[in-house]
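Enquirer: Take this structure first; my questions come after.
The values are calculated or read from the model by the stated rules, or taken from the named source; none is laboratory data. Everything quoted here is computed from the prediction, not taken from an experiment. All Cβ positions, glycine included, derive from the backbone under ideal geometry; neighbour counts span all protein chains shown. The accessibility values were calculated without ligands, DNA or RNA, using every heavy atom of the protein model including side chains. Shrake-Rupley method; radii C 1.70, N 1.55, O 1.52, S 1.80 Å.
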Amino acid sequence: MPEKRILLVLPGNSGSLIERLVLLPAGYQVALASSRQAAEEQLRTNPPDILITGDPIGGGSCFELAKAALEQDAALPVILLPERHSDSLPLQALRAGFCDYLRPPAKADEVLQIVERALERRERWQKWSLQQVRSNTSSLEQRLQGLEAMQRIGHEVTSLLDLDAVLTAVVSAAVDLTHAEEGSLLLLDENSGELYMRASRNINDELAKTFRLPIRDTLAGQVLRSGQPLLINESSPQKIKTAYLVNTLIYVPLSVQERVIGVLGVDNRLNNRTFSEYHVAMVSALADYAAIAIENARLYSNTETERKKLETILTRIEDGVLVIDPDGRIMLVNRTVCDAFNLSSEMLVGKRYYEILQHPDLLDLLSEEKRHAPHRMEISLEDGRVFNAQLTPIPDIGLAITMQDITHLKELDRIKTDFVNTVSHDLRSPLTAILGYVELIDRVGPVNDMQSQFIQRVQFSVNNITTLINDLLDLGRIEAGFDVRKEVVPINTLIHYAIDSVRPRMQEKNQTLVLDVSPDLPHVLGNPVRLRQMVNNLVSNASKYTPNNGNIEVLASAEGGQIILQIVDNGPGIPGTDQPYIFDKFYRASNIPSDTPGTGLGLAIVKSIVENHQGRIWVESTVGHGTTFTVVLPVADREL
Ligand code: ADP
C-alpha cells in the first residue's frame with residue numbers, strides 16, 4: 001500500500017511533535033503547514049490523503065481552510081484538533097464538513113485510531129465512486145454502441161438497395177446490441193397466413209429456410225396480432241415452436257403504416273442472460289428501420305414494375321417515341337424510331353442525339369429555336385416513308401418526339417391531288433365553252449329581262465368554278481415544283497403591283513391602307529408571278545375579311561439576310577382553334593359568314609409559294625381585333 005500523506009496545520013510545535021512521535025513511527029508521510037495560506041498551497045500542489053487542522057491557525061480560521069480543502073476534494077477527510085475544547089466545537093466542525101474531532105490533549109493512540117478510520121472511510125468512498133464511474137461508463141458505452149449501431153443501420157437502410165442485406169444487418173445489430181445468442185426477422189406470408197423467416201443470425205440455415213410459424217397460439221403470432229413488444233425473462237424455458245425452447249426472449253412488432261407485417265426477435269437458448277426494457281427499446285428502433293427498408297423495397301418494386309410497364313408500352317407501340325434529356329442525351333427510344341433511322345437502341349440510348357442522329361429534318365425539329373414550344377414537322381426518309389413528327393417539351397424531363405407513319409396518307413393525298421388536277425384540267429375546256437356560248441346567246445337573238453338575269457347568274461357561277469379550277473391547277477403546279485424558273489425579283493415593286501390590283505376593292509369598302517415598304521429592300525430569288533400571287537392573296541384576304549372602313553397595313557423590311565413582310569388588318573380575326581388549319585386546302589375558319597365568296601385554297605397556295613422560296617409563314621390573330629400574316633423570305637444570294 002502506498003504511504004498515506006497527512007497534512008498537519010497546527011500552531012506552534014505541536015505539529016512537529018505529532019509528526020515525530022505519532023505519525024512517522026506509524027509509517028505515514030507528513031507535511032506541515034503553519035498558516036492557512038501555506039496549507040492551501042500544499043493542498044493545491046501536493047494534495048494529501050488526510051488534513052488535520054488546529055484551531056486557531058495562522059492567517060485565518062480552520063473552518064475556512066476546511067471549506068477550501070473540501071471544495072477541491074469533496075472526499076478528503078478533514079479532522080479538527082483544537083487547542084482548547086469547547087462543547088459547541090464538535091457540532092460546529094461536523095456542520096462544516098469535518099469528518100472527525102480530536103479532543104485536546106490528543107493521545108497518540110487516539111490520533112492513530114481516528115486517522116485510520118478516516119483513511120478507511122476515504123478508501124470506501126473512493127471505491128464506491130470508482131464503481132459508480134465504471135457503471136456509468138459502461139452504460140454510456142452501451143448506449144453509445146446502440147447509437148452507433150442505429151446510425152449504421154440507418155445509413156444501410158438508405159444506401160443498400162438489397163433488402164436481404166439490410167434485413168440481415170438489422171438482425172445482426174439486434175443480436176449484438178442485446179448480447180443475445182441468436183436473432184430472427186419473421187414476416188407474415190399473406191397467402192398462407194404464417195410467419196416465415198426472412199433474415200436470421202446464428203440460426204442454422206436449414207432451419208431458417210424451412211421455419212414456419214402459425215400466428216395462432218405462438219409468441220410471435222401474439223406480437224403480430226397485438227402489435228405490442230414481448231419481453232420474456234422467465235426462469236423456465238418458453239416454447240417458440242415445437243421443440244424450440246428459449247430461456248429469454250424479446251419479440252417486437254414490425255409495423256408499416258399502422259399494419260403489423262412481421263416480428264423482429266432475439267433470444268437466448270443456452271444461457272439465461274436477461275433482457276432489459278432498454279434492449280426492447282433498441283430492438284424496437286431496429287424493427288422500425290427494417291420496416292422502412294421493407295416498405296422502401298415494396299415502393300421501389302412497384303415503381304419499377306410501373307416503369308417497366310410504361311417502357312414496354314412505349315417501346316412496343318407503332319408510333320415512334322424518342323425522349324431526350326435536357327443535356328441532349330437520348331433517354332428512351334423505341335423500335336419504330338430505331339427502324340426509321342436504321343440504328344439499334346444500344347447505339348442510341350445514353351448518347352447525345354446530335355452525335356448519332358443525322359436526319360436534317362429531325363435535327364431541325366430539335367434546333368434551339370424550336371425546342372421551347374410544341375412543334376410539328378414532316379420527316380421524309382430515304383426509303384420513301386414519311387413521318388409526322390411532333391416535338392413536345394416536357395418540363396424537368398426534356399424533349400419528347402412522337403412520330404406517326406403517314407406514308408399512306410401522303411400517298412392518298414397524292415392520288416387525290418392527281419385526280420383533282422386531272423378533273424380540273426378536263427373541266428376547263430367545257431367551262432370555257434359554256435362561258436363562250438353563254439356570251440353568244442344575246443347576240444343571236446333578243447333575250448328578255450328574266451333571261452338576261454339567268455345568263456348573268458350562269459356567268460357568275462361559271463366564273464366561280466373557273467377560279468376554283470385555276471386555283472387548284474395553280475396549287476397542283478406549285479406543289480409539283482413546276483415553277484423551277486427563278487430570277488432575282490425586286491420584291492418592293494412586286495408588292496406595289498400586287499397591292500394595286502386590290503386597291504379598287506379597298507376603295508369600294510372605304511378601307512385605309514398604310515404602306516410601309518422600305519424603298520431599298522434587297523431582292524429575292526424567286527418566281528415573280530408566284531410571289532406576286534402570294535402577296536395578292538394575303539392582301540385580298542385582308543380586304544375581303546375586314547369590314548368597311550377598316551384599316552390594312554402592309555409592312556416590309558429587311559433584317560439579317562431576310563425580308564420580313566407583314567399584312568396586318570383589324571378585321572374579325574381567326575379563332576385559335578382554326579388557326580392551325582387555315583393553311584390547309586379548302587379550310588375556312590368557323591367565324592366567317594357562309595356566303596363569303598372564296599374557295600379555301602388561297603392560303604394553301606400562299607404557303608406552297610412561300611415554302612417553294614425557302615421561306616416561312618405564320619399567322620397571329622385575335623378574334624375581334626384583327627390578323628397579322630408574317631412572311632419571311634431569304635434575300636437573294638447575290639444581294640448579300
Ligand atoms: P378563302 O378563299 O376562304 O379566303 P383562304 O385560304 O384564302 O380561303 O383563307 C382560308 C380562311 O382563312 C378563310 O376562309 C378565312 O376564314 C381565314 N382568313 C384568311 N385571311 C383572313 C383575314 N385576313 N382575316 C380573317 N380571316 C382570314
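Enquirer: Which of VAL484, VAL447, PHE341 sits farthest toward the positive end of the charge dipole of the stretch 333-489, with +1 on the Cβ of Lys and Arg and -1 on the Cβ of Asp and Glu?
Expert: VAL447
Enquirer: Starting from the Cα-Cα distance between TYR581 and ASN342, subtract it from 0.36 nm times their residue separation and give me the gain in nm to one decimal.
Expert: Working it through step by step, the gained length comes to 82.8 nm.
Enquirer: Using modelled backbone amide H atoms (1.01 Å from N, in-plane), which distant-in-sequence or interchain residues come within less than 5 Å of VAL256's amide H?
Expert: Counting only residues 5 or more places away or on other chains, the set is ILE261.
Enquirer: Do you know the relative contact order of the stretch 168-315, to the nearest whole percent, from alpha carbon pairs under 8 angstrom that are 6+ apart?
Expert: 22 percent
Enquirer: Here's something else I'd like to know. Counting pairs of alpha carbon atoms under 8 Å apart in space and at least six apart in sequence, what relative contact order in percent does the stretch 492-640 give?
Expert: Relative CO of the stretch 492-640 lands at 26 percent.
Enquirer: Among the GluC sites (Glu not before Pro) in the stretch 108-206, which ones are in a DSSP loop with at most 10 other Cβ atoms within 10 Å of the Cβ? Mind listing them?
Expert: GLU190
Enquirer: How many angstrom lie between the Cα centre of the stretch 283-333 and the Cα centre of the stretch 534-597?
Expert: Cα centroid of the stretch 283-333 versus Cα centroid of the stretch 534-597: 50 Å apart.
Enquirer: Using helices alone, I'd like the mean residue ellipticity at 222 nm for the chain: each DSSP H run of four-plus residues gives -39500 (n - 2.57), total over residue count, nearest 500.
Expert: Taking each H run of at least 4 residues, the total per residue is -15500 deg cm²/dmol.
Enquirer: Next question. Please determine, in degrees from 0 to 90 and to the nearest 10, the orientation of helix 277-316 with respect to the longest principal axis defined by the Cα atoms of the chain, where the helix direction is its Cα long axis.
Expert: The angle comes out near 10 degrees.
Enquirer: List the pairs from LYS486/LYS585; LYS544/LYS607; LYS309/LYS370 whose alpha-carbon separation is above 22 Å, in the order I gave them.
Expert: Too far apart for the 22 Å limit: LYS486/LYS585; LYS309/LYS370.
Enquirer: Picking from GLY146, ALA173, CYS62, whose Cα lies most toward the positive end of the charge dipole for the stretch 42-183 (charges on Cβ: Lys, Arg +1; Asp, Glu -1)?
Expert: Final value for the positive-end residue is CYS62.
Enquirer: Using only Cα atoms and rounding to the nearest 10 degrees, what angle (0 to 90) does helix 528-545 make with the longest principal axis of the chain?
Expert: 80 degrees
Enquirer: With +1 assigned to the C-beta of every Lys and Arg and -1 to the C-beta of every Asp and Glu, and no other charges, what is the dipole magnitude of the chain about the Cα centre in debye, to the nearest 20?
Expert: 1100 debye
Enquirer: Looking at the chain, identify the longest residue range that excludes and avoids all chymotrypsin sites (Phe, Trp or Tyr not before Pro) in DSSP loops having at most 12 other Cβ atoms within 10 Å.
Expert: In short, 1-481.
Enquirer: Now, a different point. For a paramagnetic label modelled at 7 Å from the Cα of LEU130 toward its Cβ, which residues of the stretch 1-38 fall within the zone defined by backbone nitrogen distances under 18 Å?
Expert: Within reach of a label on LEU130: 1-5.
Enquirer: How large is the charge dipole for the stretch 332-439, taken about the Cα centre, if only the Cβ atoms of Lys, Arg (+1) and Asp, Glu (-1) carry charge, to the nearest 20 debye?
Expert: Approximately 160 debye in magnitude.
Enquirer: Something else now. Taking loop as defined by DSSP and a crowding limit of 12 other beta carbons within 10 Å, which trypsin sites (Lys or Arg not before Pro) in the stretch 1-88 fit?
Expert: ARG84
Enquirer: For the stretch 501-640, what does the alpha-carbon gyration tensor say about shape, rounded, prolate or oblate, given a ≥ b ≥ c as the root eigenvalues, a/c under 1.5 as rounded, and a/b over b/c as prolate?
Expert: prolate
Enquirer: What does the charge count around THR546 come to, taking other residues whose C-beta lies under 12 Å from its C-beta (Lys +1, Arg +1, Asp -1, Glu -1)?
Expert: Spelling it out: positives minus negatives among the neighbours equals +1.
Enquirer: In the stretch 318-403, what GluC sites (Glu not before Pro) fall in a loop by DSSP, with at most 14 other Cβ atoms inside 10 Å?
Expert: GLU318, GLU368, GLU369, GLU382
Enquirer: Under the rule a/c < 1.5 gives rounded, and otherwise a/b versus b/c splits prolate from oblate, where does the stretch 214-288 land using the Cα gyration tensor?
Expert: In terms of gyration-tensor shape, oblate.
Enquirer: Here's another thing I want to ask about it. In Å², and per residue, what accessible area does the chain have when probed at 1.4 Å with the other protein chains present?
Expert: Normalised by residue count, the accessible surface of the chain is 55 Å².
Enquirer: So what's the net charge close to LEU299: Lys and Arg +1, Asp and Glu -1, counting the other residues with Cβ under 14 Å from its Cβ?
Expert: Here the count lands on -1.
Enquirer: Using alpha carbon centroids, what distance separates the stretch 200-276 and the stretch 453-498, in Å?
Expert: If we compute the Cα centre of each part, the gap is 93 Å.
Enquirer: Which of the residue pairs LYS209/LYS241; LYS67/LYS107; LYS4/LYS127; LYS209/LYS308 have a Cα-Cα distance greater than 19 Å in the structure shown?
Expert: Beyond 19 Å between Cα atoms: LYS67/LYS107; LYS209/LYS308.
Enquirer: Under 5 Å between amide H atoms, partner at least 5 residues away or on a different chain: which partners does LEU32 have, H built in plane at 1.01 Å?
Expert: Sorted by chain and number, the residues that satisfy this are LEU8.
Enquirer: Quick check: from the Cα gyration tensor, does the chain come out rounded (a/c under 1.5), prolate or oblate?
Expert: Prolate, since a/c reaches 1.5 and a/b exceeds b/c.
Enquirer: If we count every other residue with Cβ under 11 angstrom of ASN268's Cβ, Lys/Arg +1 and Asp/Glu -1, where does the sum land?
Expert: Here the charged neighbours net out to -1.
Enquirer: While we're looking at this one, here's another question. If the only charges are +1 at each Lys and Arg Cβ and -1 at each Asp and Glu Cβ, what is the size of the charge dipole of the stretch 440-559 around the Cα centre, to the nearest 20 debye?
Expert: 300 debye
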